[in-house]
1. Could you say which residue among Pro25, Pro60 is within 20 Å of Thr126 (Cβ to Cβ) and either in contact with a Gly (Cβ under 9 Å, 6 or more places away or on another chain) or not assigned by TED's automatic domain parsing to the domain that holds Leu112 (or both)?
2. Looking only at region 264-317, filter to residues that are hydroxyl-bearing (Ser, Thr, Tyr) and assigned by TED's automatic domain parsing to the domain that holds Leu62; which one of those is farthest from the chain's Cα centre (by Cα)?
3. Under the condition of being touching a Pro at 6+ places or on another chain (Cβ under 8 Å) and either under 16 Å from Val39 (Cα atoms) or not hydroxyl-bearing (Ser, Thr, Tyr) (or both), which residue from region 86-108 is surrounded by the most Cβ atoms within 10 Å (Cβ to Cβ)?
4. If I filter region 109-143 down to residues being β-branched (Val, Ile, Thr) and closer than 15 Å to Val167 by Cβ, which single residue comes out as surrounded by the most Cβ atoms within 10 Å (Cβ to Cβ)?
5. Which ones in region 25-39 are in a loop (DSSP other than H, G, I, E, B) and buried (at least 24 other Cβ atoms within 10 Å of the Cβ)?
6. Quick test for you: out of Val84, Val14, Val80, Val39, pick the one residue that is aliphatic (A, V, I, L, M) and over 30 Å from Gly284 (Cα atoms).
7. Check every one of the strands (runs of 3 or more DSSP E) wholly within region 67-172 and list those with 1 or more residues that are at pLDDT below 95.
Amino acid sequence: MKAIRVHGFGGPEVLQMGDVVLGSPASHEVLVAVASVGVNPVDTYIRSGSNPNQPLPYTPGLDAAGTVVAVGSEVERVRVGQRVYVAGSLTGTYAEATLCRDSQVHPLPDNLSFEQGAAIGVPYATAYRALFHRAAIKPGESILIHGASGCVGTALLQLVKSLGGVVVGTAGTAIGVSSVLANGAVRAFNHTVSGYLTEAHSVTGGKGFDIVFEMLANVNLGNVLPLLSRNGRVVVIGSRGKVEITPRDLMSREADIRGMSLFNVIPSDLQEIHRQLHHGFIAGALKPIVARRFPLDQASRAHIDVMSSAVGGKIVITT
């Protein structure tokens, strides 16, 4: 089968088309024919060499959607011919087929396309983990999503809206601001415009935000701490470097900074996350947004675009 292979770490140009042979699934494994692949920023970090434990060569990718073509002898959760989405893979998802543990494969609701299914794994599981496990949201709390037009931000908006919560979001383009409003924010601000944080803070009537979800902590963390309410908390979802903060901004509010990584979630919690997300997809409260599509042989272009703030939705690769 055709697959993208990485033989050495580097820029997008190291993503090269190749041939791979996959074996039959073991007892608790599932073989999925891939229709669509979800491209995530973490894919670019691994490709560039951020994970020293990543062996070479390898096929990138964690997320995908397609059809089950074979199952191991002990697999009971899915069946051959079933539409599924993949959240994690043993062999990588930038390929015409992928081999997964049965716990990594989930039924794809009939009201979602394969492209939408490929947009679920990392973004929606991250958003759920951040909102319920790390932020521990309570009824009536005010929320700021700093960088809400990306895939995780969109998932957060939809989750909060499904709870009836009030949320403010930011984006870096006019299209992004429109997307933030369309997905449930009561107010949206362009974070490239001077003074936007003061305007955002005014939405709370001076009380401050109970929760801030931060997508680029190395740039923004020090600036959002003064926006917190008493006992407020920042959940750091993304960062690309170091940052300097003023600790008294935390001390005076008895506030918290909480990090999160989807890779720290224990298997039982991850299964519960996907069970809860399934209800939201079935009900139509959660709906992945696909922005751009690339063929498998243009994976390098997908890696360039996924790091752009102007995308406004999920980038997928079609096989």
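The values are calculated or read from the model by the stated rules, or taken from the named source; none is laboratory data. Keep in mind that what you see is a predicted model, and the values were worked out from it rather than measured. Note: ideal-geometry Cβ built from the backbone for every residue, glycine included; neighbour counts use all protein chains shown.
1. Numbers: Pro25 fails: within 20 Å of Thr126 (Cβ to Cβ).
That would be Pro60, the only listed residue that is within 20 Å of Thr126 (Cβ to Cβ) and either in contact with a Gly (Cβ under 9 Å, 6 or more places away or on another chain) or not assigned by TED's automatic domain parsing to the domain that holds Leu112 (or both).
2. Residues of region 264-317 hydroxyl-bearing (Ser, Thr, Tyr): 268, 300, 308-309.
Add one more test, that the residue is assigned by TED's automatic domain parsing to the domain that holds Leu62, and what stays is 300, 308-309.
Values: Ser300: 19, Ser308: 15, Ser309: 14 Å.
Taking the candidates together, the pick is Ser300.
3. If we filter region 86-108 for residues that are touching a Pro at 6+ places or on another chain (Cβ under 8 Å), which is where we start, we get 92-94, 99, 103.
From the residues that got through so far, the ones that are either under 16 Å from Val39 (Cα atoms) or not hydroxyl-bearing (Ser, Thr, Tyr) (or both) too are 92-94, 99.
Working: Gly92: 21, Thr93: 32, Tyr94: 28, Leu99: 21.
The selected residue is Thr93.
4. Across region 109-143, the extreme among qualifying residues is Ile143.
5. Passing the criteria: only Val39.
6. Val14
7. 166-171
One line per residue, one yes/no per condition, for (1) crowded, with 24+ Cβ neighbours inside 10 Å; (2) touching a Pro at 6+ places or on another chain (Cβ under 6 Å):
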position: Ile145; (1), (2): yes, no
position: Cys151; (1), (2): yes, yes
position: Gly172; (1), (2): no, no
position: Ser178; (1), (2): no, no
